[in-house]
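Asks: The structure follows.
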Amino acid sequence: MIKTIYFEENTVMLLDQSQLPEKLAYERCSSSLQVAEAINKLKVRGAPLIGVTAAFGLAMGVNNYSGSAAGLDEYFRETKKLLASTRPTAVNLFWALERMDKIYQANRHEEPDRIAQVLLDEAEKMYEEDIQINRAIGEYGQEVVDLGSNVMTICNAGALATCGYGTALGVIRSAAGRGKLKRVWACETRPVLQGARLTVWELLQDHIPVSLITDSMAGYTMKLGQIDVVIVGADRIAANGDVANKIGTFSLAVLANYNSIPFYVAAPLSTVDLSIETGALIPIEERHQDEVRQISGNYLTVPEVEVFNPAFDVTPHDLISGIITERGIIRPSYVDGLKQVKTNTRG
């Protein structure tokens, strides 16, 4: 499995996903600012991976600190604030930073070198936990995939979006490993084409059959009887089960519901935000208009046209058949199920 992130010689090494599939390249980040810029520019992406990347960025920032012990608290707060400002929708970012904050507060009276080490140890622990969590999600999730199934997905919720294995693609991997999978239908995922660039590349690396379609072809593909189940990832799940995920997910859920196709969300419990009552309260990131106007730097339209470019949408809980987590599959009512499982889980 390809590494999306690793730490060496006090630098965070990130797989630059903006260059895939044309080029496999790593970016060396030697400062928290560089890590923040990599997250913001989608060089690293996917809610679980964003969280772990921010954790490594925060640990590295403390390790780079050269001021007085008295000034470390303010420096830590500012570095944390910088990393938190990168992507507003993915709750794993804030979950990871708060987890690192607790470690910092418990050790803040130690020497800066010691604090940096315990923060790095925690980031490494989060990295290893994420891989195990994804494998558990895959094991539980493969139960919803029947023998000979065609699975549709959108965006990339695979190894590239995590520290390894994946959430939605983790389910697909586990199903494929049991010989249950016939084919994956990957929506291209406009405007940044994570499905076309990343999901297709990742599945072909694992020799999993995949067909690429434009987002607008999803409904017709379902109508033709080509899809048995839809499985997607998530960037934030509200207390009532509403799910924020890559733009286009809501449309898939509506189409799946109309065609009587099960629609599942696969995500770690760190993506569940019980402080948000409904999806209407989830902040939705809007990105640069040129992401829609251009592909690979080439304009597709009139350069000055006004563009609406939300990066995510919200799928209401009543369109979701189940939420696949590392603790099992949660089904309606989500209010009770999410609260029960989340409160019995660290983080």
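The values are calculated or read from the model by the stated rules, or taken from the named source; none is laboratory data. Being a predicted model, the structure only gives us computed values, none of them experimental. A quick note on method: Cβ atoms are made from the backbone with ideal geometry, for glycine too, and the neighbour counts reach across all protein chains shown.
Asks: How many of the residues in region 57-77 are loosely packed, with under 12 Cβ neighbours inside 10 Å and either acidic (Asp, Glu) or within 27 Å of the chain's Cα centre (by Cα) (or both)?
Replies: 1
Asks: With ALA196, ALA175, ALA123, ALA157 as the choices, which residue is within 26 Å of LYS23 (Cα to Cα), of a type outside the set (D, E, K, R) and crowded, with 23+ Cβ neighbours inside 10 Å?
Replies: Testing whether each residue is within 26 Å of LYS23 (Cα to Cα), of a type outside the set (D, E, K, R) and crowded, with 23+ Cβ neighbours inside 10 Å leaves just ALA157.
Asks: Follow-up. Looking at ILE172, is it assigned by TED's automatic domain parsing to the domain that holds PRO310, closer than 18 Å to ALA136 by Cα and of a type in the set (Val, Ile, Thr)?
Replies: The answer is yes for ILE172.
Asks: In addition: Which number in (1) closer than 25 Å to GLY158 by Cβ; (2) in contact with a His (Cβ under 9 Å, 6 or more places away or on another chain); (3) of a type outside the set (A, V, I, L, M) marks the one condition that PRO332 misses?
Replies: Unmet condition: (1).
Asks: How many residues does region 114-172 contain that are over 30 Å from VAL62 (Cα atoms), over 18 Å from the mean Cα position of the chain (by Cα), touching a residue at least 40 places away in the same chain (Cβ under 8 Å) and assigned to a helix (DSSP H, G or I)?
Replies: Summing the residues that are over 30 Å from VAL62 (Cα atoms), over 18 Å from the mean Cα position of the chain (by Cα), touching a residue at least 40 places away in the same chain (Cβ under 8 Å) and assigned to a helix (DSSP H, G or I) in region 114-172 gives 3.
Asks: Still on this structure: So which residues in region 272-299 are surrounded by 11 or more Cβ atoms within 10 Å (Cβ to Cβ), over 21 Å from the mean Cα position of the chain (by Cα), closer than 21 Å to PRO21 by Cβ and not β-branched (Val, Ile, Thr)?
Replies: Once the filter is applied, which keeps residues that are surrounded by 11 or more Cβ atoms within 10 Å (Cβ to Cβ), over 21 Å from the mean Cα position of the chain (by Cα), closer than 21 Å to PRO21 by Cβ and not β-branched (Val, Ile, Thr), region 272-299 yields only GLN294.
Asks: Can you tell which of ILE208, ILE131 is outside the structural domain of THR325 (by TED's automatic domain parsing) and farther than 30 Å from ASN309 by Cβ?
Replies: After ruling out the rest, the residue left standing is ILE131.
Asks: Moving on to the next point. Do you know which residues across region 279-327 are farther than 17 Å from GLY233 by Cβ and among the hydrophobic types (A, V, I, L, M, F, W, C)?
Replies: Matches in region 279-327: ALA280, LEU281, VAL292, ILE295, LEU300, VAL302, VAL305, VAL307, PHE308.
Asks: So if I check each of TYR258, TYR220, TYR264, which one is surrounded by 17 or more Cβ atoms within 10 Å (Cβ to Cβ) and aromatic (Phe, Trp, Tyr)?
Replies: When all the criteria are applied, what remains is TYR264.
Asks: Mind telling me which of the residues LEU269, LEU274, LEU204 ends up being more than 21 Å from ILE172 (Cα to Cα) and either at pLDDT 95 or above or of a type outside the set (Val, Ile, Thr) (or both)?
Replies: When all the criteria are applied, what remains is LEU274.
Asks: Being in contact (Cβ under 8 Å) with a residue 12 or more places away in the chain and either under 17 Å from ASN107 (Cα atoms) or not aliphatic (A, V, I, L, M) (or both) narrows it down to one residue among LEU14, LEU20, LEU49, LEU72; which is it?
Replies: Residue meeting the stated conditions: LEU72.
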